[in-house]
């Protein structure tokens, strides 16, 4: 985290955000657009209906290359529970950096680019992540923070059609594929992935080309700029964790319902930081679990609200919550005791000293529409 | 003719006789963004000047609405429960929150008139 007194950093698209009339707020040390004049609700709906363009250049992009013929994938597996060696070239996977207790230091994407790995990490953790990588992997890997690069996300059912006008080969990619292609003469690195539950791409490009390419994409009639406000409501409806809210150093991947991201081989062999705690939880079950929560009324339930069972006993806390424009009602996520984690379980959530009835709901709230091919 | 007064917390009150209609200003709804939920007090509830009277929630956050004057709630705008976005569309009209029967009409003297409120808004930037 940046100190509050440090000047806010700017992404290569900052001037464009100002020109587009964005409302800018401090986020992870950056001056970022929370919304544009269209407003969060319309931006959310536009992304679900057509294509939204997000500036996510504040996120960390790291290139990891094995030294002297050694594999970066094998080295990275010491820090994450996913099967990284099993990634084929052009394939990406979601995982977490874990600590000794099995807690999550950050969550990240890892792609196999043939002779190296590409990592995308959270903005608020990127300095700590780089230090963590250097501490553990400096001998085995070259660690390059690609801080001059921009990253934009194009998300929504029209994303492939739009991007395909510039780079037709992007249409052949499947969810979680990575590839290089040129957009308007500029070589970009893109993955078919995102943080909205929709089909779409995250596109990495040189910072000095970012404004020109973004303006070009924004000229397409389906594309509108989307701020962090809608990014949050979109990811919440998609049941995707936000680091710092839903997961942190005190929550394990098992508690956070991220067990699916732990590789089969890793479950038997371990060999990553915190493996003892995580493998024990896989075997014995975790004491608590992150679940979807659907409040019954219209009142939004927000982070840190107390969760109780029907008798009024505290069983957990909401970690993310708000109004879901596509779900058309309040949606939330939070941790509850394991025995209360089954979908359909009756709960109550305390909002302004009142107990609101709610139910454990299956995640996601809005079905994913990834292009799995 | 009604008298319209404003608070520093961006509520407005339009007074006719001994009753005032209360809402939030255009500036307030603009700052909040899309309103998705409004919680109103029950008719008959006693409210006190400067104390929380209602809650308005946007996609981003929950905010309190304070009573601009003391009195008794004599009507609540139930339309906002079904169509909270009315607060954005017509903050000074159909988006009113409650009507209050004033118990201390002299409290109005401490509120801003429209010219003073506009000047106050300019000072915020």
So, of the residues in the stretch B:45-59 that are touching a helix residue (DSSP H, G or I) at 6+ places or on another chain (Cβ under 8 Å) and surrounded by 23 or more Cβ atoms within 10 Å (Cβ to Cβ), which turns out to be farthest from residue B:15 (Cα to Cα)?
B:59
Selection over the stretch B:1-57 where residues are touching a strand residue (DSSP E or B) at 6+ places or on another chain (Cβ under 6 Å), within 14 Å of chain A (Cβ to nearest Cβ) and either under 16 Å from residue B:77 (Cα atoms) or part of a strand (DSSP E or B) (or both) yields a count of 13
Taking the stretch A:216-233 as the search range and keeping residues that are within 14 Å of another protein chain (Cβ to nearest Cβ) and in contact with a helix residue (DSSP H, G or I) (Cβ under 6 Å, 6 or more places away or on another chain), which one is nearest to residue A:152 (Cα to Cα)?
A:226
Taking helices (runs of 4 or more DSSP H) that do not extend beyond the stretch A:179-275, which have at least 1 residues that are surrounded by fewer than 22 Cβ atoms within 10 Å (Cβ to Cβ) and out of contact with any strand residue (DSSP E or B) (no Cβ under 9 Å at 6 or more places or on another chain)?
A:207-218, A:264-269
Look at residue A:327 and say whether it is without any contact (Cβ under 8 Å) to a residue 24 or more places away in the chain and either outside any helix (DSSP H, G or I) or assigned by TED's automatic domain parsing to the domain that holds residue A:231 (or both).
no
Identify, by number, the condition in (1) closer than 28 Å to residue A:34 by Cα; (2) touching a helix residue (DSSP H, G or I) at 6+ places or on another chain (Cβ under 8 Å); (3) more than 8 Å from every other protein chain (Cβ to nearest Cβ); (4) surrounded by 19 or more Cβ atoms within 10 Å (Cβ to Cβ) that residue B:92 doesn't meet.
(4)
Flag for residue A:26 being surrounded by fewer than 18 Cβ atoms within 10 Å (Cβ to Cβ) and modelled with pLDDT of 95 or more:
yes
State the number of residues belonging to the stretch A:70-87 that are modelled with pLDDT of 95 or more and assigned to a loop (DSSP other than H, G, I, E, B).
11
Can you tell me which residue in the stretch B:58-77 is nearest to the other protein chains (Cβ to nearest Cβ), limited to those that are at pLDDT below 95 and in a loop (DSSP other than H, G, I, E, B)?
B:59
Assuming residue A:325 fulfils every condition listed in (1) within 14 Å of chain B (Cβ to nearest Cβ); (2) farther than 20 Å from residue A:195 by Cβ apart from one, which condition is it?
(2)
Does the stretch A:298-315 contain at least one residue that is more than 14 Å from chain B (Cβ to nearest Cβ), more than 25 Å from residue A:230 (Cβ to Cβ), without any contact (Cβ under 8 Å) to a residue 24 or more places away in the chain and not in a loop (DSSP other than H, G, I, E, B)?
yes
So, in the stretch A:34-55, of the ones that are part of a strand (DSSP E or B) and more than 13 Å from every other protein chain (Cβ to nearest Cβ), which residue ends up nearest to residue A:160 (Cα to Cα)?
A:51
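The values are calculated or read from the model by the stated rules, or taken from the named source; none is laboratory data. What you see is a predicted model; the values in this text were computed from it and never measured. Ideal geometry is used to build each Cβ from the backbone, glycine not excepted, and the neighbour counts take in all protein chains shown.
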